[in-house]
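A.B. asks: Before I ask anything, let me first share the structure, which is written out below as structure tokens.
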Amino acid sequence: MNFHYFFSLTGFFFSSIVLAQTTILGKIRVNDLPAEGVHVVNLVTEKATVTNAKGEFTIEVSEDDLLVFSAVHLNYWRRSILKSDIQKKEIDIVMTPKVVELEGVTVTEYPNINAQNMGNINYKPKVYTPAERKLRPTQMTQRDWIEVLYGKIPIDPFLYWITGRTKKLKKELSVEKKELIFLKTNQWFEEDFYINELKIPADYIQAFNYYILYDSEYVAFLEANSKEQAVFRMAALSVEFLKLLEDEN
């Protein structure tokens with residue numbers, strides 16, 4: 001393919017977009033009642049806020065930002081910002097209360113049942129998250145690099161890069177990683193652990209979980225499934241967090 005023609009063609013798709021932040025008003029309701037004290041975090045910009053007595057909050061967003069909503073007594077919720085949300089400058093969120101689980105119910109998991117252990121394949125397949133699967137077409141393979149040596153340009157990686165799609169997908173991957181870490185933390189530890197062991201006030205448990213989300217050491221322990229080391233790191237971080245709360249008050 002003629003290089004001049006190729007760049008002219010792909011230049012048609014290229015655009016430089018600056019995403020301006022827009023302040024929107026949000027309202028959260030639970031069972032038709034306003035939800036106070038719900039933590040709202042924009043995982044893209046890392047900005048956060050808490051709902052007031054009317055269940056309202058304001059936060060700066062751009063299209064495709066991901067907002068997550070959490071409270072000790074409510075089920076976790078997430079919401080991507082749409083173009084229509086930006087235009088209306090308002091979103092309505094409905095959350096649900098956590099259901100108290102009955103004791104004595106046993107759920108048996110079978111994590112070892114997969115294609116490898118069933119003998120269908122003789123290697124361990126890599127498991128991709130949704131964001132990782134989207135990012136795969138943007139990555140150069142060994143075959144792509146060989147083609148470059150012969151003067152050929154891999155179409156998919158180049159188009160993704162020149163249109164800004166690669167940068168956007170990498171941002172989505174980063175956001176997804178934060179969300180998975182947050183969810184795993186909530187699955188590992190019960191409310192009593194925060195209150196009795198770490199001395200975190202109940203109203204600040206979710207805020208603390210967002211605080212430790214950005215600690216690389218804690219994240220490393222979590223990704224390595226080292227719960228004991230994660231607990232030690234959380235204990236140290238809880239001292240810092242409580243000091244910050246004391247200074248603010």
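What follows draws every value from the coordinates through simple rules; no lab data is involved. Nothing here was measured: the structure is a model prediction, and the numbers come from that model. Methodologically, a virtual Cβ is constructed for each residue, glycine included, from the backbone with ideal geometry; neighbour enumeration extends over all protein chains shown.
A.B. asks: Taking 0.36 nm per residue of separation and subtracting the Cα-Cα distance, what length does fully extending E217 through D64 add? Intermediate values should be presented prior to the final figure.
C.D. replies: Values: separation 153, 0.36 × 153 = 55.08 nm, distance 2.90 nm.
Roughly 52.2 nm would be gained on extension.
A.B. asks: Take the cross-link list K199/K227; K27/K47; K98/K184; K47/K98 and give me the ones stretching past 22 Å between alpha-carbons.
C.D. replies: Flagged as over cut-off: K47/K98.
A.B. asks: For the residue pair K54 and D92, what label-to-label distance in nm results when each label sits 7 Å from Cα along the Cα-to-beta-carbon direction?
C.D. replies: The answer from the label model is 1.5 nm.
A.B. asks: Let me ask you something else. Output the relative contact order of segment 198-249, whole-number percent, from Cα pairs under 8 angstrom with separation of 6+ residues. If you can, show how the numbers build up before the last one.
C.D. replies: Values: 22 pairs, mean separation 21.9, N = 52.
Relative contact order for segment 198-249 comes out at 42 percent.
A.B. asks: Evaluate the relative contact order of segment 39-98 (contact order divided by residue number), counting alpha-carbon pairs under 8 angstrom at least 6 apart; express in whole percent.
C.D. replies: 28 percent
A.B. asks: Cut-off 14 Å, label point 7 angstrom out along Cα-to-Cβ of A235: give me the residues of segment 178-196 whose amide nitrogen falls inside.
C.D. replies: The answer is 194, 196, whose backbone nitrogens lie closer than 14 Å to the label point.
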